[in-house]
Every structure is written in C-alpha cells, then in structure tokens.
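Below is one structure; the comments refer to it alone.
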There are 2 protein chains.
Amino acid sequence: MTKSNQKEVLENLGKKLVDQVKKGKNPEIVFRLRNLTNIIYDKKTRTLKLGDKTSSRSFFNLAHAKKFLQTVEVASVIKKELLESGKHEHLRGVFYMTKRTIPKTNVNLVDEQTETDKAIEDLEVITGLSREELHVSANKMGSMVGNVILGDSGDVIDCSKLGKGGYSIPSITDELELKKVSAKYVLYMEKAAIFERLNEDKFWQKNNCILVTSQGQTTRGIRRLLQRLAEEESLPIYVLCDGDVYGAYIYSVVKYGSIALAHASERLTIPSVKYIGITMDDVIKYDLKRHLIKLTEQDIARIKQVTEYDWFKDNKEWQRQFKIMKELNGKVEIQSLSAKGISFISEHYLPEKIKNKEFLE
Amino acid sequence: MTKSNQKEVLENLGKKLVDQVKKGKNPEIVFRLRNLTNIIYDKKTRTLKLGDKTSSRSFFNLAHAKKFLQTVEVASVIKKELLESGKHEHLRGVFYMTKRTIPKTNVNLVDEQTETDKAIEDLEVITGLSREELHVSANKMGSMVGNVILGDSGDVIDCSKLGKGGYSIPSITDELELKKVSAKYVLYMEKAAIFERLNEDKFWQKNNCILVTSQGQTTRGIRRLLQRLAEEESLPIYVLCDGDVYGAYIYSVVKYGSIALAHASERLTIPSVKYIGITMDDVIKYDLKRHLIKLTEQDIARIKQVTEYDWFKDNKEWQRQFKIMKELNGKVEIQSLSAKGISFISEHYLPEKIKNKEFLE
C-alpha cells in the first residue's frame, strides 16, 4: 500500500465519524474482537488468526468513551505527525505525543503506554494497516550477513561485505528493498554468539546463504524480514534454537504466529519455515547427553502447556520431541556443540542436517 | 600486541609452571587480587583500578587445586583452540570446551560457566592480556552510523551508507580498523529508539558526527570502540541517557569503569567522556515537569547508593542533580522530548546543548 493510501484510510475513518456526528448519531467504530474468544488456529493456512466476532466502541457510552477518544487521538497523531512528515516514531514516543490533559478537565487522555499501545493495535484491526504501515516502530534488534543486497533509504547495502559486525536490522523492515538475493536459504538463530561463530567461519559464503540473528526475542521487524525473504524470494527459512521448550516456542511464533499478534498474522507468519535444530535426536546422534541441563519445574510446566497448544497438538514429530525431552529430563544448548570442536557446528552439524534434509516441520 | 605475542605470553605461563614442577616445587601462579579490598578509585586518572595486593594459587593446596587446574586448562584451550586457529569463542563456548571429567575420577573440571568466566578474568590479570586479546567474546550488541569508515576482516564499511539499519557492532572491536573518521564527535545513547529517531533525521549528517547505541547494557565491545574513537581519533564522546539514576550509572561506567571490570579499566574507561542529558535542569528548561515519572522506593535507594560512590562523592554537579531528582521526586525519559515535536530532539535539544557546551562532567 502506498503512503498516500495510508493517510487516506485514516482520513476516511475520521470522515465517517464526523458524518455520524453531523447526522446526530452516536459516533461508533466497529472492528474485529481481539481477545482470546476470537483467536483461532486455522488448520488450513496453519496460522493463528482472528475470527469473525466483532466489537464496537462508541462515544456516548461510559465504558467506551475514553478508549474511543484514545483511538481517535492516536489515529490523529499518526496521520498528522507521522504519515504527513514521512517520519516514524517508537511506541513510547507515540505515548508521549498523545499524553495531554483533556481541556477543561483534569483527566489525562492517557496515563500509561499500554493505553496507546492498545489503541495502535486496535487501529491495525480497524484499518487493516500494519503498525509498520502506520509508521510506528518498536524494538530494534538483530543482525544480518550473507549474499543479499539491500536498498535502505537510498543506500545500497551489500550484506556480504560487512565484516564481523553485519547489518543492524532496523525496527521496520517493510520498507527495505531486496535488490539482489543470490543466497539459496536463510538460517535464523536466536543466539548472537552462534551468529558470530558462523560469520567468522564464513558459513554464509561457503554455503551461499543468509544469516539472521535476533539477540533475544524475534521482533516484528525480523519476522517481517524473514517472511519477505520466504515469500518474495522463495527462500527456505531454517530456524536454529536451543533444544528446549523455549526454542520450540520461538520457532512456533515465527511459523504460526502468536496469540498477542493474531490480528497481524498475515504479515508476520511463515508457514513454510522449518526447524533445523537442536532436536532431541541430535542429543543422541551427536553424543551430547553429558551436556544435558536438567529440566526445572518451570521447564516441565511450560512443556505441558506448549504440548497442548493447538498448533503443536496434532504434530506427531514435535510431540515426540517433547516426550524425549521429558524422558531424558534435560535440555541442551546450541553452544554445547563447541565441546566437539570450535567449528563443528559450521563444518559438520549444519551442513549435514541441511544435506540430509533433517528438519522438523 | 600482535597475535604471536599473545600465544607467547600463554606459553611462557605454561613453561614457568613446568619449570617449577621440574624443580620439585609446588607450581604456583601469583597475580593481583581482584576482590573489593583491592579495588580503588584513582582520583588522578579518574578510573577504578586494582591496587597492589596480590594473591596466589598453587596446585598442592586443597583450597586452590581445582581453581589452579581450571585456570591452566582455560589457558590451554585459549592457546590451542583460539589463538592458534585465529578464531574467537564466546564465554559460553569456552565453558563447553573446558567441561570434561578429570581422568580416573568422577569430578568435572568445571560444572558452571561462572568457573570458566572467573578463570578468564584471572587470566586477564595474570597475563596483562584483555579478554578480547585472548579471543574470548561476550554479548554482541549495538549499532553505529555516521561519518566513519571501518576496516573489518578485509571489508571496507562506510557507516554513512548503511540506511536506517546501520552497522551491527561486533562483540570484539579491538580488531576493527578506523580507516577514515571525518566526524567531529560521537553521540552514544542507551536507547535504540532514539538512535532510530536521530538516524531517520540524518542528525549525524547535518552535525557531522557518529551515532552509537547499545540497545541495553554498554558491552565491553561498545566501551572499547568508544574509547578508541576518543583516544585514537581525539573525538569528544557525549553520552545521552534517561534522566534517572540508572542513566547516571551507565555514564559513570563508560567514564570511570566498573567494580567488576576494574582490572580492565585501562582498556575500557574514557575519562574525557561528557554527559549531555537528560539532566534535571533540562526538566525545568524544556518544560518537562509534567512528564516526570514518580521515583519508586528502589529508585530512591539506588540514588542513595550511587551518591556515595567515590567517583560521584566529590562531584558537585552530579550531587546537585541527585538532589533535584529527590526534590522533584521524579525521573524523566529521553522520549518525553517527543511531546514537544517528533524531531525536537534532533533539531533543538541536542544542537543547543552542544552549541552551548551544556555538559555534565
């Protein structure tokens, strides 16, 4: 969607409300419900998404009035301050830009950032525009190297010429141009330490791929970037995590989406993504049993929870993984492969898994 | 120091121990104590550093034997696996490379990463080599943009041509080449959101500077990079943090060092660094009082603690800051400047502060 379209969508939202006021009606916004009762796992598309239940928010309703105002004010700030200037603002900044006392009262329009955050998520559902299209950013995180040339704000960036550091992924990746992608696949890993190991070993050069790391949570920016590489460039995406329930969950968010962002699934999930490791089978095959870390009570509870999620429930392979995890009463870290030699991961483990197509779906 | 020197230092450490064994002596390593009783704030150099007290670790001493072995084994792993291959490994990887059962016993050489971490810190003190020179890395974090051209592992990286993303700072920055630095100063900020704001506004281009952010803690890699820009390129370094006690502490670590890394002060601290904001005076001057966030009990306790640190105790300006903080009973975030306009920070706040030289030392 072009930028003038984005402004138009918000303008039309405002015009509709003004029309209702002029007609003497109670101004009202109708949009799809975002709570748990309306989040479904669609087995066909294999994504978490919103159902058809709707909710409304009207001005002359004591329970709605403040939220109604907040939604309209945030829409106004986004249109006037962000879309019209072409600039982007962080969630925290939008909060401060919205924070003011309602004239002739001592009531603040917003007191906490959670209020503007919610209004922004509502606007995503109301307008069909993503938060990124509304020019609102969140955490900047992660790095990328490999055989891909990007266009970013007029600069041409060759990610195969960025040394040990790499390209620092911006919070919004929708606007990046994928100028030339000669890589054959993408390896996404949760740990920056592994990224540095593989980058130092020039793994991406020897195996003609792209390396992406998040240094923590998989931000929307990273998810969208991976999705674009999968959809626009038809690249396979492989996810490399620790062999524990948290790694499995990181993978599932990239693949199926998350409850909190079910309304944005279309722009974020990647059904084709595959899990490359570490699996419980690797623990046996690569003799990592002595590096197992005993499960805590918290781990065991989390395994129980995740096992029962709709998107894992019917997945025999993953159920088997969780079962072995419990039987071995252990989890394993990617770094334990270092015990077999500093470059075992880049010279043996990953090439073998990719050659033999040993993935979990 | 060149790489062959680094190997030599470790080899000599080993040779000395072998000599002691051959002479029938109890092998022993003597090095400066790293605990609190030996950490001093040197008023002249304005850095935290180790005093002259020493400690020894010998093999035939029940209390020392395991630590002695760990230190020697880590030294051996670093020499054989890292320095000889020219590769780098993360702290966690060194742990796994060291972890094994001592032959003919059921005792593990190390059970926890804290043991190898300590051994590595000890080796820094013993050898005078930094962890980075020993090829051991830690967290990779942070981004950089601006008028600086780097040499990184054979690649030439122009940080003025990296779009909205920027250069992703590696965990070890000692080996980066500062090829061409035309910037006049460096602005280091704790928050990636502010980095994105300033980068989108091309602040570094308009003001001929370099922007660095850490997205969290100031890693050793970032501290060393800032120090090199200060020392090798004689650039002023300005630190931009939230107006709270945690911001003040972030600044103090960059400037004076930290207790945990007192032994590495020489390679990490930057006495010339200046604090640009946000100050408590800014709260008044820029009318940010309504954006003050009330101090928590934890904040108040931390202010009391930090106020009494040697390196803040004699600093009238900072004492004044903490006093106003307590009087206003509030702290303020950098993002609150957004309430005055999305680019107020880049068009007014920062240029004015720099022009008027309104810094805290």
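None of the figures in this text is laboratory data; all of them are computed from the coordinates on show. Because the structure is predicted, anything quoted here is derived from the model rather than measured. Cβ sites come from the backbone with ideal geometry, for glycine too, and all protein chains shown count toward neighbours.
Rounded to the nearest 5, the antiparallel percentage of DSSP beta bridges internal to chain A is 65%. Apply the a/c threshold of 1.5 to the C-alpha gyration tensor of the protein assembly as shown and tell me whether it is rounded, prolate or oblate. The shape class here is oblate. Checking every one of the trypsin sites (Lys or Arg not before Pro) in region B:217-287 against DSSP loop status and a limit of 13 other Cβ atoms within 10 Å picks out no site at all. Positive end of the dipole of the protein assembly as shown (Cβ unit charges, origin at the Cα centre): among B:Gly128, B:Val239, A:Tyr309, the Cα lying farthest that way belongs to A:Tyr309.
Relative to the longest principal Cα axis of chain B, at what angle does helix B:245-256 sit, 0 to 90 degrees, rounded to 10? Result, in degrees: 60. Taking a sphere under 10 Å around the Cβ of B:Glu124 and counting the other residues whose Cβ falls inside, with K and R at +1 and D and E at -1, yields a net charge of -1. Sorted from nearest, the other copies put their A:Glu297 label points 2.6 nm away, the label point being 7 Å from Cα in the direction of Cβ. Three semi-axes describe the equivalent ellipsoid of chain A; taken as square roots of 5 times the Cα gyration tensor eigenvalues and ordered largest first, they are 42, 25, 17 Å.
Counting only Cβ charges, +1 for Lys and Arg and -1 for Asp and Glu, the dipole size of region A:3-137 around its Cα centre is about 340 debye. Cross-link list B:Lys191/B:Lys294; A:Lys184/A:Lys274; B:Lys285/B:Lys316; A:Lys304/A:Lys331; A:Lys87/B:Lys357: which exceed 26 angstrom alpha carbon to alpha carbon? Pairs exceeding 26 Å: A:Lys87/B:Lys357. When you work out D = kT/(6 pi eta Rh) for region B:252-361 at 37 °C and 0.692 mPa s, using the Kirkwood radius from C-alpha pairs as Rh and the Stokes-Einstein form, the result is 213 µm²/s. Here the dipole of region A:143-355 is about 500 debye; that uses its Cα centre as origin and unit charges on the Cβ of Lys and Arg (positive) and Asp and Glu (negative). For the protein assembly as shown, the antiparallel share of DSSP beta bridges with both residues in that region comes to about 65%. Computed over chain A with a Gaussian network model linking Cα atoms closer than 10 Å, the most mobile of A:Leu13, A:Leu62, A:Leu337 is A:Leu62.
Here B:Lys357 yields copy-to-copy label distances, from shortest upward, of 7.0 nm, the label point defined as 7 Å from Cα along Cα to C-beta.
Per-residue shielding of B:332-341, expressed as the average number of other chain Cβ atoms within 10 Å of the residue Cβ, stands at 5. What separates the Cα centres of region B:90-149 and region A:142-191 is a distance of 29 Å. For the rotation that carries chain A onto chain B, the axis lies closest to a Cβ at A:Ser168, 2, where the number is the distance in whole Å. Using C-alpha pairs under 8 Å with a sequence gap of at least 6, the mean separation divided by the residue count of region A:61-123 gives a relative contact order of 40 percent. Helix B:316-328 versus the longest principal axis of chain B: what angle, 0 to 90°, nearest 10, using Cα atoms? On a 0 to 90 degree scale, this one is about 60. Per residue of B:188-199, other chain Cβ atoms within 10 Å of the residue Cβ number 4 on average. If you build a Gaussian network model of chain B, linking Cα atoms that sit under 10 Å apart, which residue out of B:Val94, B:Val186, B:Val77 swings the most? Evaluated over chain B, the most mobile residue of the options is B:Val77. Rounded if a/c is under 1.5, else prolate if a/b beats b/c, else oblate: with a ≥ b ≥ c from the C-alpha gyration tensor eigenvalues square-rooted, which is region B:117-199? The shape class here is prolate. Label-point spacing for A:Asp19 across the identical copies (point 7 Å from Cα in the Cβ direction), in nm and ascending order: 9.2.
Rounded to whole numbers, the Karplus 3J(HN,Hα) couplings from phi for region B:257-272 are x, 10, 4, 5, 10, 4, 5, 10, 3, 3, 8, 10, 7, 9, x, 7 Hz, using 6.51 cos²θ - 1.76 cosθ + 1.60 with θ = phi - 60°, and x at Gly and Pro. Angle of helix A:113-127 to the longest C-alpha principal axis of chain A, folded into 0 to 90 degrees and rounded to 10: 80°. Apply 1/(1 + (r/R0)^6) to the Cβ-Cβ distance of B:Ser160 and B:Asp287, taking R0 = 25 Å, and write down the FRET efficiency to the nearest 0.05. Given R0 = 25 Å and the Cβ-Cβ separation, E is 0.15. Find the centroid of the Cα atoms in region A:302-361 and in region B:209-234, then give the distance between the two in whole Å. When both Cα centres are located, 38 Å separates them. When chain B is treated as a Gaussian network with alpha carbon springs shorter than 10 Å, the biggest mean-square fluctuation among B:Ser171, B:Ser182, B:Ser143 belongs to B:Ser182. Charge dipole of chain A (Cα centre as origin; +1 on each Lys and Arg Cβ, -1 on each Asp and Glu Cβ, all else neutral): 560 debye, rounded to the nearest 20.
Can you tell me, using C-alpha contacts under 8 Å and at least 6 residues apart, the relative contact order of chain B as a whole percent?
13
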